[in-house]
Each structure stands twice: as C-alpha cells, then as structure tokens.
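S.K.: Below you'll find the structure I mean.
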C-alpha cells in the first residue's frame, strides 16, 4: 500500500468526523467533542504514518505538522483541557493556525496545479478559525470550530492524496 492511500483514508476520516460533528452541533457538547476528538486522533495518526512514508522532506514536514496538530487537539478534546479553559483556547488557536500553515506548506509544490486554490482555501479556513479562537469571540461555538477544521483538513487530504496518486 502506497502512502497516498493513507492520506486518502485520513481525508475520508476527517470528512466523516467533520460531517458527524457538524450534524451534532445541537446535541450535547460532549458528543460533538468526542466525535471530533476521535476523528482528529485518527486523522493525526494516519497523517503521522503518511509523514513517515513521505517521499521527500517537504511533504514529510507538512504532514508531520498536520499530524502533531491533529493528535494534540484530538487528545485535548478527549481527555479535557490542560489547566483552565483559556489554555485549551490558546492551544487550539495556535494549533489551528499551525494546521493552516501546514496545509499551505504541503500545497506549495502544487502552485501551478488546479488543486492549489482549494488547498490554499483549506489552509485559510484553519488559520482564520485559529485567529477567531485566539481572539476569544464568544459567538464561536467550539463544536463548530472542530467540525469546520475537520472538513477543511478532509478536503485538503483528499485533494493531496489524489494528486499523489496521479504522480505515482
């Protein structure tokens, strides 16, 4: 199994987790955080494996940044924030921004490709979500942030996996 399949599986897991979290926003917040946290852990683990199997340093670096962000946020959601809620807000904001930059970093080599605008948009969504979380705007629902991040990551991962498949 080539590494593009891992990226595709991670993207599908992120899309499913994002949709599940999005459709469960009105249910108990624990359900949304649990679904989102589990999906982020799965996505992070698959991205970590993809980073390990990546053919070059640029791809491995971007995948490793995304994997670390996904795993840390996922475990923080599942096991509770460290300290008070402010710490989780700061960590989530910083990691969302890192995730956005990671998506753009991975997509840099595809600047002339038709998928680059979507990768740039997915990275932008993550970075903007991170800035909103860091700003502490009270209208941002935590479950919505998790759902949108999973959807943005899923789109980016599916696009990258299909591009890697075509180049293999």
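Taken together, the values in this text are just the output of simple stated rules run on the coordinates, not laboratory data. Model, not experiment: these values are computed from the prediction. Neighbour counts run over all protein chains shown; Cβ positions are idealised from the backbone, glycine included.
S.K.: Limiting things to C-alpha atoms, what are the Rg and the maximum Cα-Cα separation (Dmax) for the chain, in angstroms?
M.R.: For the chain, the Cα radius of gyration and maximum Cα-Cα distance read 14.9, 46 Å.
S.K.: On full extension of the chain, what length is gained from residue 115 through residue 94, given 0.36 nm per residue of separation minus the C-alpha to C-alpha distance?
M.R.: 5.0 nm
S.K.: Based on the mean of other beta carbon atoms within 10 Å per residue, what is the order of 50-62, 8-20, most packed first?
M.R.: 8-20, 50-62
S.K.: Angle between the Cα long axis of helix 142-167 and the longest principal axis of the chain, 0 to 90 degrees, nearest 10?
M.R.: 10
S.K.: Have a look at 129, 78, 66 and tell me which one the Gaussian network model of the chain (Cα, springs below 10 Å) gives the largest fluctuation.
M.R.: 78
S.K.: Follow-up. Go ahead and estimate [θ] at 222 nm for the chain from helices alone: -39,500 (n - 2.57) per DSSP H run with n ≥ 4, summed, over the residue count, rounded to 500.
M.R.: Using -39500 (n - 2.57) per qualifying helix, the result is -29000 deg cm²/dmol.
S.K.: Sticking with this one: Relative contact order for the stretch 3-167 using alpha-carbon pairs under 8 Å, separation at least 6, rounded to a whole percent?
M.R.: 34
S.K.: A further question on this structure: Could you identify which residue out of 126, 112, 99 has the top mean-square fluctuation in a GNM of the chain using Cα springs shorter than 10 Å?
M.R.: Most flexible of the set in this elastic network: 112.
S.K.: Then there is this: Which angle from 0 to 90°, rounded to the nearest 10, does the C-alpha axis of helix 3-23 make with the longest principal axis of the chain?
M.R.: That works out to roughly 30 degrees.
S.K.: Mind giving me the FRET efficiency for residue 137 and residue 61? R0 is 25 Å, r the Cβ-Cβ distance, nearest 0.05 is fine.
M.R.: 0.20
S.K.: A follow-up question, please. Given the peptides 41-47, 91-97, arrange them by the average over their residues of other C-beta atoms within 10 Å, most packed first.
M.R.: Going by the mean number of other Cβ atoms within 10 Å, highest first, we get 41-47, 91-97.
S.K.: Ok, one more. Mind pulling the angle between the C-alpha long axis of helix 85-107 and the longest principal axis of the chain? Nearest 10 degrees, somewhere in 0 to 90.
M.R.: 20
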